Amino acid sequence: MPMLSLPTQPQADRLQPSPPSPTALYLGLQNAPEPSLPAARAFLQEQLNKAAKLTCDLPDSPEQLGQWVIAGNTRTTQAYREYLDTRKQGQPRRYFANRAHALFFLRGVAPTKLVDGSWLYGVLPQWQDLRLHTLVRTYLEELGEGEPEQNHVVLYKQLLAQHELEDIESLSAAHFVQGAQQLALGHLATDFLPELIGYNLGYEQLPLHLLITTYELNELGIDPYYFQLHVTIDNADTGHAHKAARAVLDNLPVTGDAQEFYQRVRRGYQLNELGLSSTGVINSFNLEQELHRVLEQKALVARNMHSDFCRIEGRTINEWLSQTGQIGDFLAALEKRGWIHRDEDPAQSRFWQLVQGNRAPMFGVFSAYELQLLHDWIAGEWLINDQPNRPRRFIPPNRNQQDHRARAGDFSAEQQLLEQELRTLDDNSRTQRLIELMSPAHHYKPAGLLATRLFARLQA
Ligand SMILES: [Fe+2]
Ligand SMILES: [Fe+2]
């Protein structure tokens, strides 16, 4: 009885006293979107109210957007030129002091990158509406049209896995704001379409930090492909930046209030300014603090795992690790007793020899990221003085390793089941099923990738 179910929505909204934390909302929308929708609505409304107070650099009229995109792009590329000139003159990296700093950044922006494109999900059911064509196209491109080696979320997941950075749930709430907004927009497109279009306009412009990040990651021997891809795919001529401006014009109401529509676009655009930005994450890095954080965490499982044979400054390792807040003193004691020689090649430190290398007694205790933090902390000045400050050529890993077509047996069971299921459905239900699987929570998995490839064929 649809008439009876109508009043439940606003009531559900009223029952929601205040929005949950961005982290809880983010995880909720990824795990079970339906029950999280009232909270997502309240959250989005609150974020839009915050955004409305910020200054907006969009042109007064939507007709000027095309020019505005080009002008912004020119400014960014000029600033990048200047950056490159300073580097050529021997200036140090602007963003990443060392490799650990760069990995810290990759982890810090992960909540946003792992839902890349998600704000556009809600336009899929309207895929036949010509006004939304560019947005549907952009979503499909974020998903790599179902090819894992081009799916932005798959690529980012690979990057995190490569450096063992997958543990992101302990990041602060501010780290989850952008991702929570994106998911909320994606799941509430029916009620926030102009805001979604505005958010997309802001997100898809080429930012200076993307260019610098790409350059400096490469320099540090970290695969910059994910970032490089966004420099090209979001380009201002034919790429997402251009398409984003096009989408505003395509959706301007002819009969309704175009001014009111554009006002809502502007507010959605300003959502890009909230939460922790990429440069905010970069600036929040403190090597020692981050090293202490991961070692404190490790101490929780390492307590009582050491023999009492070895004492440092009169205390056993177990005693050092028994209480939180002692890591700083413990490291200082290790330094004092000659286990660690700061500002030298870490290979010279006994402590480093214990943790690094296949035959090291503590091999496997620390993740790649944790080792990098420890390494760069020990190395300190030695890194600056001893390492040549010139770009290194990065050899990308073989991206075809995960070729979905090579799967068989149980590894492809899901896809086979999906193909069987789709054969039993009529055209409408079939499309609906594909769209379900293309959600931000599923599109990067084998079934979601297959669904995306099948859906992309409908578009062709
Ligand atoms: Fe993307
Ligand atoms: Fe994009």
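The values are calculated or read from the model by the stated rules, or taken from the named source; none is laboratory data. Just so you know, these numbers come straight off a predicted model, no measurement behind them. No Cβ is skipped: glycine too gets one built from the backbone with ideal geometry, and neighbour counts run over all protein chains shown. In case anyone asks, the SASA skips ligands and DNA or RNA and just uses the protein heavy atoms, side chains included. Shrake-Rupley method; radii C 1.70, N 1.55, O 1.52, S 1.80 Å.
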Exercise. Among Asp234, Asp250, Asp257, Asp223, which is among the charged types (D, E, K, R) and surrounded by fewer than 15 Cβ atoms within 10 Å (Cβ to Cβ)?
Worked result: Asp257
For this session: Inspect segment 61-71 for any residue being open to solvent by 20 Å² or more (accessible area, probe 1.4 Å), within 16 Å of ligand 1 (Cβ to nearest atom) and either in a helix (DSSP H, G or I) or at pLDDT 95 or above (or both) and give the result as yes or no.
Result: no
For this session: Run Gly90 past the list (1) open to solvent by 50 Å² or more (accessible area, probe 1.4 Å); (2) on the phi < 0 side of the Ramachandran plot and report the number of the one that doesn't hold.
Result: (2)
For this session: Out of the residues in segment 109-126 that are within 15 Å of Leu437 (Cα to Cα) and open to solvent by 10 Å² or more (accessible area, probe 1.4 Å), state the one that is farthest from ligand 2 (Cβ to nearest atom).
Result: Pro125
Exercise. Does any residue of segment 128-137 turn out to be open to solvent by 20 Å² or more (accessible area, probe 1.4 Å), within 16 Å of ligand 2 (Cβ to nearest atom), in contact with a helix residue (DSSP H, G or I) (Cβ under 7 Å, 6 or more places away or on another chain) and of a type in the set (A, V, I, L, M, F, W, C)?
Worked result: no
Exercise. Yes or no: Leu206 within 13 Å of ligand 2 (Cβ to nearest atom) and not in a helix (DSSP H, G or I)?
Worked result: yes
For this session: Please tell me if His163 is in contact (Cβ under 8 Å) with a residue 60 or more places away in the chain and over 17 Å from the mean Cα position of the chain (by Cα).
Result: no
Exercise. Residues of segment 228-245 being within 10 Å of ligand 1 (Cβ to nearest atom) and part of a helix (DSSP H, G or I), which ones?
Worked result: Leu229, His230, Ile233, His240
For this session: Could you run through segment 206-220 and say how many residues are open to solvent by 30 Å² or more (accessible area, probe 1.4 Å), within 21 Å of Asn272 (Cα to Cα) and either hydrophobic (A, V, I, L, M, F, W, C) or over 16 Å from the mean Cα position of the chain (by Cα) (or both)?
Result: 1
Exercise. Just a yes or no: is a residue in segment 226-246 within 16 Å of ligand 2 (Cβ to nearest atom) and more than 29 Å from Arg81 (Cα to Cα)?
Worked result: no
Exercise. Which one is modelled with the highest pLDDT among residues in segment 238-276 that are out of contact with any helix residue (DSSP H, G or I) (no Cβ under 9 Å at 6 or more places or on another chain) and within 18 Å of His133 (Cβ to Cβ)?
Worked result: Val254
